[in-house]
Amino acid sequence: GDGRWLAHVMKETGCRGVGVDISEVRLADAEVTLRAAGVRDRATLRRHDLLDEDADVAWVSACSAALVFLTPPMLASRGVRALLGALLSSGGARSERTVMCYEF
């Protein structure tokens, strides 16, 4: 997306963030949004197809929360389930994981 939610959460909490989209255009929009919010130095932007069942999802192990905006068919896809499963089952310094889904 355009990074508005990511920027908001990062400003409010001081956390690091990862923005993910399949679209280079939306990632460019997020870049502008994060810079304007003054949080770009703490954000990573990744181009990723959430429907790709074979994609490497190891990078989610560094995340402690996910806020996803997806359609119902996307939420049901194996690629998204693999990504969220990796988030919820990953170990590391933080043992608590949070996933918030917004259906549109």
Would you point out which residue out of SER90, SER95 is of a type in the set (Ser, Thr, Tyr), at pLDDT below 75 and open to solvent by less than 30 Å² (accessible area, probe 1.4 Å)?
SER90
Please name all residue pairs, on different chains or six or more residues apart, with Cβ atoms under 7 Å, provided the first residue is in region 78-95 and is within 14 Å of ASP56 (Cβ to Cβ) and the second residue is hydroxyl-bearing (Ser, Thr, Tyr) and at pLDDT below 80.
ALA86/SER61; SER90/SER61
For region 3-19, give me each residue that is over 17 Å from VAL80 (Cβ atoms) and not in a helix (DSSP H, G or I).
GLY3, GLY14, CYS15, ARG16, GLY17
Any idea which residue in region 20-53 is least open to solvent (accessible area, probe 1.4 Å), counting only those that are polar (S, T, N, Q) and outside any loop (DSSP other than H, G, I, E, B)?
THR33
Per the filter on region 1-19, residues open to solvent by less than 30 Å² (accessible area, probe 1.4 Å) and among the aliphatic types (A, V, I, L, M) are ALA7, MET10
Being touching a Leu at 6+ places or on another chain (Cβ under 7 Å) and among the hydroxyl-bearing types (Ser, Thr, Tyr) is the filter here, so list the residues in region 28-78 that pass it.
SER77
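The values are calculated or read from the model by the stated rules, or taken from the named source; none is laboratory data. Values in this document were obtained by computation on a predicted structure and should not be read as measured data. Every residue, glycine among them, receives a Cβ derived from its backbone with ideal geometry; neighbour counts consider all protein chains shown. For accessibility, only protein heavy atoms count, side chains too; no ligands or nucleic acids. Shrake-Rupley method; radii C 1.70, N 1.55, O 1.52, S 1.80 Å.
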